[in-house]
Amino acid sequence: MYPFTLTKASDTAEALNAGRRGGRYIAGGTTLVDLMRETVERPETLVDISALPLREVTVTERGGLRIGALVRMAEAAAHAKVRTTYPVISEALELSASAQLRNMATIGGNIMQRTRCTYFRDVTAACNKREPGSGCAARGGFNRTHAILGTSESCVATHPSDVAVAFAALEATVRLLGPDGARSIPFADFLLRPGSTPNREQALRKGELITAVEIPALPRPLKSGYLKVRDRQSYEFALTSAAVALHVHGGVIREAKVAAGGVGTVPWKLPAVENHLIGERPSRALWAEAAKHAADGARPLEHNRFKAELLKRTVERQLRIVGGTK
Ligand SMILES: Cc1cc2nc3c(=O)[nH]c(=O)nc-3n(C[C@H](O)[C@H](O)[C@H](O)COP(=O)(O)OP(=O)(O)OC[C@H]3O[C@@H](n4cnc5c(N)ncnc54)[C@H](O)[C@@H]3O)c2cc1C
Ligand code: SF4
């Protein structure tokens, strides 16, 4: 570790002031401290935001859900409203990390977490994300867990969050507060694909604070759920995952929200799968047909060719679990 300054913000204005001066926010600290210990990150000033009043889950004016940025993963997963209206969020959270981590870690910190690419965390390896222009050790290295969608010449790392996949599927919005005031951005625009600047990962401006994630009200009845496929059944990141929400009315699928994790440089929305489902009657054959499109545009690497097929099967299985079959 190296010397740094830690301040605790007692209110939002104080936090924003410190953020504007270059302070780095810290919430649960479950991932930032690791990165500092490994010297992957070296912020000079940390601003502890854990005392800010951003710890509520509320129903929005339009009937959606607002999850405060400082709500712990465990609290969000257990919240009655989340569990009953968007089980896909609860399931994604409960399949993440460990119970101890979920008790500390926050929703804001979760969507801000950085990739688990081992070369990113090894400061002796070439990594454009950690050190722009240094190269990408994963391209010619061991890339079994890396991305097959949204990659660039510069970076092929996956985004590791599970709940972000549910937020992407449900078309959530991220609420931000910065020195220039409040704004909201669609979740789809919040996390950035690597392109030629993999070091830029979120559409945050300097000093901006995430205050909440909002889930829009969707037509009811809505069935939803999250499936995560990994090398071991607990305490492991996804090889592939699928978040699915379906609104079926009169025997016909009227709304379909589908996204995948473990395969993209950002949580990967699957519009081709959604379009294949909307207007159709649920059936085993429909799930299989729709899932064929899950890996459209995939560009596998040397060691992760299996992910394209695994992704299709993950999506098909989760459509079957959520949508049922005749
Ligand atoms: C061993 C291990 C296994 C894990 N497994 C999984 C898994 O399976 N699935 C999964 O999804 N996650 C997993 N995680 C990641 C874990 O979920 C994150 O560490 C956690 O969610 C981060 O939240 P935090 O509050 O501790 O963030 P912090 O460590 O406090 O912060 C993380 C980042 O977010 C920024 N930040 C935090 N809050 C805000 C805010 N309100 N506004 C702006 N910036 C903010 C910080 O500046 C920092 O850059 C795992 C972590 C570990 C250590
Ligand atoms: S995949 Fe991205 S994070 Fe991993 S080594 Fe390459 S540039 Fe770095």
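For residue 231 and residue 6, what does the FRET efficiency come to when R0 = 35 Å and r is the distance between their Cβ atoms, rounded to the nearest 0.05?
After rounding, the FRET efficiency stands at 0.45.
Which residue fluctuates most in the GNM of the chain (Cα springs below 10 Å): 240, 145, 58?
Its mean-square fluctuation being the largest, the pick is 58.
What is the count of Lys pairs in the chain whose alpha carbons sit under 15 Å apart, if the two are 8 or more places apart or on different chains?
Step by step, the pairs that qualify in the chain add up to 9.
At a threshold of 8 angstrom on Cα-Cα distance, excluding pairs fewer than six apart, so keeping six or more, what relative contact order does the chain reach in percent?
This gives 17 percent for the chain.
What trypsin sites (Lys or Arg not before Pro) does the range 15-77 have in DSSP loop regions with at most 12 other beta carbons within 10 Å?
For trypsin sites (Lys or Arg not before Pro) across the range 15-77 that sit outside H, G, I, E and B with at most 12 neighbouring Cβ atoms in 10 Å, the list reads 21, 62.
Where in the range 122-189 are there chymotrypsin sites (Phe, Trp or Tyr not before Pro) that are in a DSSP coil and have at most 14 other Cβ atoms within 10 angstrom of their Cβ? Don't skip to the end; give the middle numbers.
Values: sites: 142, 167, 187; in loops: 142.
Sites meeting the loop and neighbour criteria: 142.
Label points 7 Å out from Cα along the Cβ direction at residue 206 and residue 306: separation in nm?
Result: 4.6 nm between the two label points.
Can you compute the FRET efficiency between residue 34 and residue 134 using 1/(1 + (r/R0)^6), with r the Cβ-Cβ distance and R0 = 25 Å? Round to the nearest 0.05.
Using R0 = 25 Å, I get an efficiency of 0.75.
Return the loop-located GluC sites (Glu not before Pro) in the range 217-326 (DSSP other than H, G, I, E, B) with at most 11 other Cβ atoms within 10 Å of their own Cβ; answer none if there are none.
Passing both the DSSP loop test and the Cβ count: no residue.
Report relative contact order for the range 1-127 in percent, whole number only (criteria: Cα-Cα under 8 Å, sequence separation at least 6).
25
Kirkwood Rh, the chain, all Cα pairs: how many Å?
Value: 20.2 Å, from the Cα pair sum.
Let's test this: bin the Cα-Cα distances of the range 213-312 at 10 Å from zero up to the farthest pair and state each bin's percent.
Bins of 10 Å from zero give 14, 44, 31, 10, 0 percent of pairs.
Highest GNM mean-square fluctuation, the chain, Cα pairs closer than 10 Å: which of 17, 128, 143?
17
Read the figures in this text as sums done on the coordinates, not as results from a lab. Just so it is clear, the structure is predicted and the values come from calculations on it, not from any experiment. FYI the Cβ positions are ideal-geometry reconstructions off the backbone, even for glycines, and counts take in every protein chain you see.
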